[in-house]
1. Any residue in the stretch 106-117 that's within 12 Å of the ligand (Cβ to nearest atom): show its pairings with residues that are basic (Lys, Arg) and in a helix (DSSP H, G or I) at Cβ separation under 6 Å, as long as the two are six or more apart or on different chains.
2. Anything in the stretch 94-105 that is within 10 Å of the ligand (Cβ to nearest atom) and either among the polar types (S, T, N, Q) or part of a loop (DSSP other than H, G, I, E, B) (or both)? List them, or say none.
3. Kindly state which strands (runs of 3 or more DSSP E) lie completely within the stretch 315-418 and contain at least 1 residues that are more than 16 Å from the ligand (Cβ to nearest atom) and either assigned by TED's automatic domain parsing to the domain that holds GLY241 or surrounded by 15 or more Cβ atoms within 10 Å (Cβ to Cβ) (or both).
4. Could you go through the stretch 28-38 and let me know if any residue there is in a helix (DSSP H, G or I) and modelled with pLDDT of 95 or more.
5. Can you name the number of the only condition in (1) modelled with pLDDT of 95 or more; (2) of a type in the set (Ser, Thr, Tyr); (3) surrounded by 17 or more Cβ atoms within 10 Å (Cβ to Cβ) that THR2 fails?
6. Out of the residues in the stretch 70-122 that are under 22 Å from ASP228 (Cα atoms) and among the charged types (D, E, K, R), which is nearest to the chain's Cα centre (by Cα)?
7. Pull up the stretch 40-58, narrow it to residues that are among the charged types (D, E, K, R) and not in a helix (DSSP H, G or I), then point me to the one that is farthest from the ligand (Cβ to nearest atom).
8. Just give me the residues in the stretch 218-229 being buried (at least 21 other Cβ atoms within 10 Å of the Cβ) and either in contact with a Ser or Thr (Cβ under 9 Å, 6 or more places away or on another chain) or acidic (Asp, Glu) (or both), in sequence order.
Amino acid sequence: MTNPSLLASVTVPEEVVAAWRADFPILHRTVYGKPLVYLDNAATTQKPRVVIETLQHFYSELNSNVHRGVYYLSEQATELYEDARRTVQRFIGAASPQEIVFVRGTTEAINLVAHCMARTRLRAGLEILLTQMEHHSNIVPWQLAAEQTGARLRVIPITASGELKLDHEDELFTERTALLAVVHVSNSLGTINPVRELIGKAHEYGIPVLVDGAQAVAHLPVNIQELDCDFYAFSGHKVYGPTGIGVLYAKRYWLEEFPPYQGGGDMIRSVTFERTLYNEVPYKFEAGTPNIAGAIGLKAALEYVQSLGLERIAAHEQQLLAYATEQLESIPGVRIIGTARHKASIVSFTVEGIHPHDLGTIADREGIAIRVGHHCTQPVMDFFGIPATARASFALYNTPEEIDRLVAAVQKAIELFRG
Ligand code: 7TS
């Protein structure tokens with residue numbers, strides 16, 4: 001977990017960040033004649049050269065299907081694909097590679113769990129406990145599961161600073177609670193939730209916990225065995241890897257209990273029209289040809305992050321967060337949405353009298369990419385009584401100079417709109 005006192009003691013020198021930046025080809029391009037300032041890392045991160053080259057190498061030299069061929073290329077591809085699974089296992093500190101299921105991304109990982117929970121555990125009279133700061137992809141799959149089974153959703157509220165309101169914790173967990181599904185780091189508020197404590201508490205009541213780690217794994221060290229969660233979901237593309245590949249971690253126990261999510265090739269041991277025997281875990285959950293290149297690209301991305309060191313990345317991003325917060329807050333009319341004590345490098349804000357979309361467009365013309373909208377967290381927007389925010393989210397390659405350019409763009413927007 002992020003330890004603020006530890007982070008404060010680490011400073012990443014400018015030249016180190018400059019070397020990190022040099023690993024990302026896209027950062028050298030211009031937009032509207034201005035150097036690109038990419039501050040939409042919560043949506044997706046840019047890719048280091050090593051990931052791009054890994055994909056190119058796979059398709060140029062090794063392309064073939066996995067788990068099927070007896071020939072050289074297929075054996076190589078299978079070895080790399082399974083090696084990627086072991087890399088993921090080590091990266092998140094899982095007990096076994098069999099607990100790592102490759103999926104399309106966080107969204108598919110959560111849908112898989114919701115679907116299987118609906119088939120095995122959920123029923124009328126039971127509750128699925130969520131929080132008000134969930135991404136839509138950790139809400140809608142549970143609504144679908146609830147519709148199907150008669151279970152109900154229950155929501156942990158948030159406070160004005162964007163933290164979970166846990167003062168009536170004992171009322172939250174009851175014998176009716178079938179599962180807690182909680183976001184590790186909020187994508188619209190930046191809040192780092194106390195997931196370890198929540199998991200401990202839920203487990204006291206025998207309640208399984210799913211953690212949506214989409215915004216966590218690139219920004220803080222995550223250790224699954226320390227957390228002891230039942231499920232953990234994340235997307236490769238938010239941790240410098242390719243799109244279309246993601247991870248569902250699940251305790252082996254659950255993968256054994258759950259029925260398959262999809263049927264098809266690779267997930268079976270034998271098929272007759274009368275009866276199909278399923279493959280062992282995790283293959284039972286990987287029907288059809290997987291995203292082989294994606295998994296191998298993800299392995300390259302995770303190794304890249306590890307080579308830089310997540311502690312150093314986190315320390316650098318915390319400094320960017322502090323600087324951006326201070327600079328933006330000092331502009332009259334700017335309101336930061338999400339002021340939790342523990343935050344990852346995400347700053348959501350509004351500017352009085354300017355719609356976030358106009359702000360986004362003005363920033364864009366300056367070559368600055370920020371996200372504007374509800375960020376797929378409409379319940380968060382409803383809580384704050386706003387339709388949208390502008391959001392800057394930082395990654396390992398961002399710099400204080402880029403924050404200065406964002407601040408200048410916000411000031412320019414204010415001048416334009418207020419005359
Ligand atoms: N959960 C959280 C917390 C997220 O931030 C996102 C994507 C998802 C789940 C879904 O991930 P996917 O890879 O399956 O799409 N968040 C964002 C965002 O903040 N802006 O664009 C996508």
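1. none
2. Going through the stretch 94-105, the residues within 10 Å of the ligand (Cβ to nearest atom) turn out to be 103-105.
Those that are within 10 Å of the ligand (Cβ to nearest atom) and either among the polar types (S, T, N, Q) or part of a loop (DSSP other than H, G, I, E, B) (or both): ARG104, GLY105.
3. Numbers: elements: 334-337, 346-351, 371-373, 389-393.
Correct list: 334-337, 346-351.
4. yes
5. Single failed check for THR2: (1).
6. GLU108
7. So the first thing to find is which residues in the stretch 40-58 are among the charged types (D, E, K, R), and the list is 40, 47, 49, 53.
Imposing the further condition that a residue be not in a helix (DSSP H, G or I) reduces the set to 40, 47.
Numbers: ASP40: 7, LYS47: 15 Å.
Result: LYS47.
8. ALA218, HIS219, LEU220
The values are calculated or read from the model by the stated rules, or taken from the named source; none is laboratory data. Just so you know, these numbers come straight off a predicted model, no measurement behind them. Because the Cβ atoms are built from the backbone with ideal geometry, glycine has one as well, and the counts that use them run over all protein chains shown.
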